[in-house]
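The values are calculated or read from the model by the stated rules, or taken from the named source; none is laboratory data. None of the values given here were measured: they were computed from a predicted structure. Positions of Cβ are generated from backbone atoms using ideal geometry, with glycine treated the same way; all protein chains shown enter the neighbour counts.
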């Protein structure tokens, strides 16, 4: 990773531009050019045409089957859910 030393130019007290030393600009330009040439695919998901099985996707992503559904619950206070069931029921009745 290259270390950047930008000079921040401000207008009305707010950052407007970042000016880099020319050598750093050239390095950054080269990195961006090389990135544009590459086709990036996340190896955990495979390419579009790989047609991976669910088991292979899970293996690549390092996930395991859920053994306890409660492990999927997010954090929070049970009080956050007070009235949810009633609101859901009311919403369904309107349709």
Give the residues of the stretch 60-95 that are under 26 Å from residue 45 (Cβ atoms) and surrounded by 10 or more Cβ atoms within 10 Å (Cβ to Cβ), sorted by residue number. 60, 61, 63
Matching entry among 78, 65 (being more than 27 Å from residue 2 (Cβ to Cβ), free of Cβ contacts under 8 Å to residues at least 40 places away in the same chain and in contact with a helix residue (DSSP H, G or I) (Cβ under 9 Å, 6 or more places away or on another chain)): 65
Looking at 4, 57 in this structure, which one is free of Cβ contacts under 8 Å to residues at least 24 places away in the same chain and surrounded by 10 or more Cβ atoms within 10 Å (Cβ to Cβ)? 57
Kindly indicate the residue of the stretch 39-54 that is loosely packed, with under 10 Cβ neighbours inside 10 Å and not in a loop (DSSP other than H, G, I, E, B) and also modelled with the highest pLDDT among those meeting that condition. 54
